[in-house]
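Take a look at the structure below.
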Amino acid sequence: MATAPVDVAVPTQDQLADFARDGFLVVRDAIPSEVVDRLLDASDRLMSSPADPAREDHPEFGIRGYREPLLRADELLDVLAPPTIVPLVVGVLGPNICLTGSELIYTDSPLPIRTPESNLWHRDRKVLEPDLAAAIPRMSLKSAYYLTDVSSPDAGMTLFAPGSHRLAEPLHIEPDAIDPRDVVRPDVRPGDAVLFEHRTWHCQGFNGSGRVRKALFVEYGYRWLRRRFRDSSIPERLMAGRGPVERQLLGDLGPDPSYAQATGRGSNAIEEWCEEHGVPRGPLRDG
């Protein structure tokens with residue numbers, strides 16, 4: 001069973017500055033090729049069960065989705081706490097975090113077809129906008145792992161609008177266009193990851209490659225975003241044998257869960273881990 005990471009990739013000031021400026025960051029060689037292979041095998045098994053209640057398909061966009069895959073396939077927990085990713089997450093958000101969600105998304109070819117009327121650009125956690133409007137803070141971020149090759153322009157790679165996490169108004173797209181002028185399609189390959197926050201505008205690119213685009217998204221956020229129902233669904237077997245960092249990410253609150261639930265805090269495993277390994281702690285200011 002996995003344990004807390006030892007060889008920690010302490011984030012550089014340049015990485016944190018790039019994330020603060022752009023709202024996303026490409027992390028090269030985030031996971032080794034053998035992990036990619038295990039993730040792909042486990043993901044294919046999950047997607048082979050169309051009657052599973054965790055499935056959330058959108059055929060109009062060519063999307064087959066699976067909610068909370070990390071809690072349903074033990075092999076996917078390889079990306080719960082990669083030593084290349086968790087230090088960056090802590091550098092952006094701080095140590096009071098947990099796993100707030102995960103999603104597996106397969107995109108068929110040749111979809112989605114985007115139009116000016118339906119360009120698919122969006123922010124995550126849109127439920128915040130009606131109440132918080134322009135005052136939305138950074139609350140969570142995702143690490144996206146592309147399990148198939150998305151290096152060609154037509155392979156369905158996610159598109160990003162750099163700096164859009166700072167926008168107080170909707171993303172501007174010219175009439176009759178489907179993308180903003182400064183759209184970025186990151187150059188990534190299996191094993192790389194893209195870290196992006198929920199306020200960063202993004203959309204799924206066109207997949208005309210003839211292959212299914214397969215991607216796994218792992219979301220981290222503050223522990224006060226925890227959902228009790230979701231936490232109760234985490235089997236104890238997932239906790240067994242795991243180190244303190246992974247246990248915190250899976251929702252372990254320590255010896256006083258009632259108090260921790262009320263304050264949105266719990267054990268200080270990740271904070272102590274940061275002290276031990278010299279990992280800088282957020283929250284990161286917008287660039």
(message) Could you order the peptides 210-218, 112-120 from most to least packed, using the average number of other C-beta atoms within 10 Å per residue?
(response) 210-218, 112-120
(request) Would you grab the residues whose amide H sits under 5 Å from the one on Thr158? Only those 5+ places off in sequence or on another chain, please, with H modelled 1.01 Å from N. (result) Gly205
(message) Can you tell me the orientation of helix 13-22 relative to the chain, as the angle in degrees between its alpha-carbon axis and the longest Cα principal axis, to the nearest 10?
(response) 50 degrees
(message) For the chain, what does the accessible surface come to per residue with a 1.4 Å probe? Please give it in Å².
(response) 45 Å²
(message) Given an 8 Å cut-off on Cα distances and at least 6 residues of separation, report the relative contact order of region 1-69 as a percent.
(response) 17 percent
(request) Tally up the carbon and sulfur contribution to the accessible surface of the chain as a whole percent, 1.4 Å probe, everything protein left in place. (result) 53 percent
(message) Between 0 and 90 degrees, rounded to the nearest ten: what's the tilt of helix 33-47 against the longest Cα principal axis of the chain?
(response) 70 degrees
(message) So for each of 180-186, 23-29, 196-202 I average, over its residues, the number of other beta carbons within 10 Å; can you give me the resulting order with the highest mean first?
(response) 196-202, 23-29, 180-186
(request) State, as an integer percentage, the relative contact order of the chain based on alpha-carbon contacts under 8 Å between residues 6 or more apart. (result) 30 percent
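The values are calculated or read from the model by the stated rules, or taken from the named source; none is laboratory data. Note that the structure is predicted; figures quoted are calculated from it, not measured. A quick note on method: Cβ atoms are made from the backbone with ideal geometry, for glycine too, and the neighbour counts reach across all protein chains shown. Surface accessibility is based on the protein's heavy atoms, side chains included, excluding ligands, DNA and RNA. Shrake-Rupley method; radii C 1.70, N 1.55, O 1.52, S 1.80 Å.
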